[in-house]
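First comes the structure, then the notes that go with it.
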Amino acid sequence: MNAPQGLLFASVDALRVLAQENIQPRPVNQAALDTCMSRSDPDTHARFTFLVGDSVVGAGEKDVQVEPIGSGQVHHPTDGSAMILVEGSVFFGGPSNTPAWIASYYIDVFPVSNEDYARFVAATGHEPPYHWPDGQCPPEIRDHPVVFVTWNDASAYAAWAGKSLPTGQQWEKAARGTRGTVYPWGDQPTPAKCNVRENGVGLTTPRDCYQSGVSPYGVYDMCGNVWEWCSTETKPGRHELKGGAWTSPFLRSTPSSFNDANATMKDDDTGFRCVVAADAMEELLRGR
């Protein structure tokens with residue numbers, strides 16, 4: 001452990017006390033903390049922030065909050081899922097924050113749950129995830145994201161529901177907002193706001209578990225819990241995955257991070273959510 005790391009971790013208990021008593025550090029101490037943070041590697045930064053939670057931020061970050069920009073929720077007529085409008089605009093995406101125009105669309109507020117997927121299986125006869133006992137969704141995980149689904153399974157659900165899988169850019173915009181924040185909740189690395197490896201949960205969690213980690217559009221689980229299939233094909237037979245999972249290190253779970261897999265891959269940390277073009281969704285809602 002180098003000198004900046006030692007100073008940081010020696011400060012943890014004192015910072016927790018200051019936070020509990022609502023006491024601001026003296027300027028000279030805040031400056032020293034900011035210097036140590038700036039000289040630390042990303043892993044140290046993330047671990048330190050995880051230990052102190054939201055009790056300490058850099059001097060320039062105290063008043064930064066992500067303003068909600070999503071419109072009111074609607075429910076899709078086919079699968080009943082809550083969806084939110086992401087209005088057409090430029091957003092900053094990818095590791096280099098490249099600007100891109102994305103047309104308006106609706107996206108699922110939550111990843112598709114086991115309960116959602118069970119209705120699809122019952123309606124179509126599609127093969128259920130192999131870990132469901134006797135092909136039945138266990139009640140204790142009905143509100144967890146469905147896992148052990150291939151890209152083809154996810155696409156079949158989307159087609160049944162009258163939706164599609166999001167492109168990588170659609171998914172990332174819903175996660176980061178138009179400002180291109182690093183994480184759904186802003187720019188501060190806070191592993192406690194999501195289900196990632198550092199938290200030691202060791203399995204999927206209910207989709208609304210991390211309410212402080214929602215995106216600017218009010219979309220849940222865009223960092224951690226499960227990787228999510230996207231429609232974007234990276235190579236023949238391979239498709240993009242977004243968001244990290246409960247098995248992922250926090251630094252691997254930023255919405256801009258790249259990952260992909262073969263369309264036949266299925267694992268205990270991979271699920272999906274869906275989108276609908278705005279004009280198509282509005283026509284569906286008018287026709288109800």
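Derivation of every value follows stated rules applied to the coordinates shown; laboratory data play no part. Treat the numbers as computed from the prediction; the structure is a model and nothing was measured. Because the Cβ atoms are built from the backbone with ideal geometry, glycine has one as well, and the counts that use them run over all protein chains shown.
What net charge is computed for the residues neighbouring residue 106, neighbours being all others with C-beta under 10 Å from the C-beta of residue 106, Lys and Arg scored +1, Asp and Glu -1?
Residues near residue 106 contribute -1 overall.
Could you please report the charge total around residue 220, scoring K, R as +1 and D, E as -1 over all other residues with beta-carbon less than 12 angstrom from its beta-carbon?
Result for the local shell: -2.
Report, ordered by chain and residue number, the lysines lying within cross-link reach of residue 193, taken as a straight Cα distance under 28 Å and ignoring same-chain residues fewer than 8 apart.
Those lysines meeting the cut-off are 62, 173, 242, 266.
Say each of residue 251 and residue 265 gets a label point 7 Å from the Cα, pointing the same way as Cα to Cβ; how far apart are those two points in nm?
Result for the modelled spin labels: 2.1 nm.
Full-extension gain between residue 90 and residue 134, please, as 0.36 nm times their residue separation minus the C-alpha to C-alpha distance.
11.2 nm
Modelled label-to-label distance, residue 179 and residue 278, 7 Å Cα→beta-carbon offset: nm?
Reported label-point gap for residue 179 and residue 278 is 2.1 nm.
Can you order the peptides 119-126, 105-112, 184-191, 170-177 by their average number of other Cβ atoms within 10 Å per residue, highest first?
The most tightly packed comes first, giving 170-177, 105-112, 184-191, 119-126.
Can you check what the net charge comes to around residue 93, using other residues whose Cβ is under 14 Å from the Cβ of residue 93 (Lys, Arg +1; Asp, Glu -1)?
It works out to a net charge of +2.
Could you give the nm distance between label points at residue 238 and residue 126, where each point is 7 Å from its Cα heading toward the beta carbon?
Using points 7 Å along Cα→Cβ, the separation is 2.5 nm.
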